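Every read-out reported here was derived from the displayed coordinates using simple, explicitly stated rules and does not represent laboratory data. Every value quoted in this text rests on a predicted model; they were computed, and no experiment measured them. Because the Cβ atoms are built from the backbone with ideal geometry, glycine has one as well, and the counts that use them run over all protein chains shown.
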Amino acid sequence: MLLTIKNLQKQFNQRAILKGIDFHVEKGEVVVVIGPSGSGKTTLLRNLNFLEHADQGTMQFLDQTIDLAKPTKEQQQWVRRHTAMVFQNYNLFKNKTAVQNIAEGLIYGQGIERGEAVKKAQVALTKLGLGERADYYPSQLSGGQQQRIGIARATVLKPKIILFDGPTSALDPELVGAVLNDMRRLADEGQTMVVVTHQMSFARNVASRVVFFADGKILESGTPEQIFDHPQHERTRQFLASLAENY
């Protein structure tokens with residue numbers, strides 16, 4: 001098992017957001033987390049790479065065991081070196097070009113010399129068909145292009161796991177397809193991913209496993225066929241019925 005989480009708990013203002021989550025990811029899996037808004041899906045991702053800190057829980061990642069409530073600075077940095085995150089709202093540096101945005105993580109996160117980092121960043125952009133946008137700033141790019149650059153920034157680091165937090169949620173509908181195609185390509189290449197999304201067609205067609213999240217708990221987990229065609233939990237059935245036209 002690449003990643004195992006046990007008894008992850010998190011509160012905000014004495015309100016339980018994550019209620020004892022047990023979660024695992026195997027190498028090469030695409031785990032898609034679905035569920036209603038406000039159910040704790042994003043909080044789960046943010047706790048996995050210490051953008052937020054759990055109140056309780058343990059992480060087994062590669063050869064490390066980490067107390068999620070009391071991680072050391074070194075443990076947090078180690079996890080972040082082996083993971084990457086793609087955000088809903090792109091999170092690009094507005095004062096840096098596309099190629100600079102991608103190169104920064106290589107320079108400061110992995111200690112790669114700037115010239116080599118820029119070359120790697122340019123290759124990543126070209127692979128996405130965005131090579132001619134290398135010197136564009138975020139303000140000169142569409143939302144879809146910005147998100148695809150965010151994906152390139154994540155993949156160039158060659159992380160063990162990429163965490164996607166609603167990667168298409170902020171995009172206009174006509175821009176969603178290119179981003180999802182990039183993610184499908186990564187899945188085909190064997191990249192391990194955890195994806196929080198409302199794109200049910202992506203969950204059905206690309207996921208290795210679908211996890212249904214509601215009210216701070218995992219209510220159901222299984223193959224896309226199991227979850228979409230034979231859901232066992234009533235809350236899962238209700239959720240899918242409300243979105244039936246989307247998958």
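First check a/c for segment 34-146, with a ≥ b ≥ c the square roots of the eigenvalues of its C-alpha gyration tensor; if it is under 1.5, answer rounded, and if not, answer prolate when a/b is larger than b/c or oblate otherwise. Oblate is the answer for segment 34-146, as a/c is 1.5 or above yet b/c matches or exceeds a/b. State log₁₀ I(q)/I(0) for the chain at q = 0.08, 0.10, 0.14, 0.15 Å⁻¹ as given by the Debye formula over alpha-carbon point scatterers of equal weight, solvent excluded. So the normalised log intensities work out to -0.31, -0.48, -0.95, -1.08. Checking the Cα-Cα distances for 70/158; 10/217; 94/158; 27/217; 27/158 against a 21 Å cut-off, the pairs over it are 70/158; 94/158; 27/217.
Taking square-rooted eigenvalues a ≥ b ≥ c of the alpha carbon gyration tensor, is segment 22-68 rounded, prolate or oblate, where a/c under 1.5 means rounded and, failing that, a/b exceeding b/c means prolate? Since a/c reaches 1.5 but b/c is at least a/b, the shape of segment 22-68 is classed as oblate. Across segment 101-181, C-alpha contacts under 8 Å between residues 6 or more apart give a mean separation that, scaled by the residue count, equals a relative contact order of 32 percent. Placing dummy labels 7 Å off each Cα toward the beta-carbon, the span from residue 72 to residue 226 is 3.8 nm.
Applying 1/(1 + (r/R0)^6) with r as the Cβ-Cβ distance of residue 172 and residue 127 and R0 = 22 angstrom yields a FRET efficiency of 0.40.
The stretch between residue 158 and residue 237 holds 24.8 nm of extra length on full extension. This uses 0.36 nm per residue minus the Cα-Cα distance.
Taking Lys and Arg as +1 and Asp and Glu as -1, the other residues whose beta-carbon sits under 12 Å from that of residue 6 total -2.
What does the charge count around residue 75 come to, taking other residues whose C-beta lies under 14 Å from its C-beta (Lys +1, Arg +1, Asp -1, Glu -1)? Neighbourhood net charge equals +1. When you count the other C-beta atoms within 10 angstrom of each residue and take the mean per peptide, 6-13, 149-156 line up highest first as 149-156, 6-13. Rounded to the nearest 20 debye, the dipole magnitude of the chain is 520 debye, with +1 charges on Lys and Arg beta carbons, -1 on Asp and Glu beta carbons, and the Cα centre as origin. Full extension of the chain between residue 140 and residue 116 yields a length gain of 6.1 nm, computed as 0.36 nm times the residue separation minus the alpha carbon distance. Pull out a ≥ b ≥ c, the square roots of the eigenvalues of the alpha-carbon gyration tensor of segment 80-154, then state rounded if a/c is under 1.5, prolate if not and a/b is larger than b/c, and oblate in the remaining case. Verdict is oblate for segment 80-154. Each Cα pair under 8 Å and six or more residues apart adds its sequence gap; the mean of these over the residue count of the chain is a relative contact order of 25 percent.
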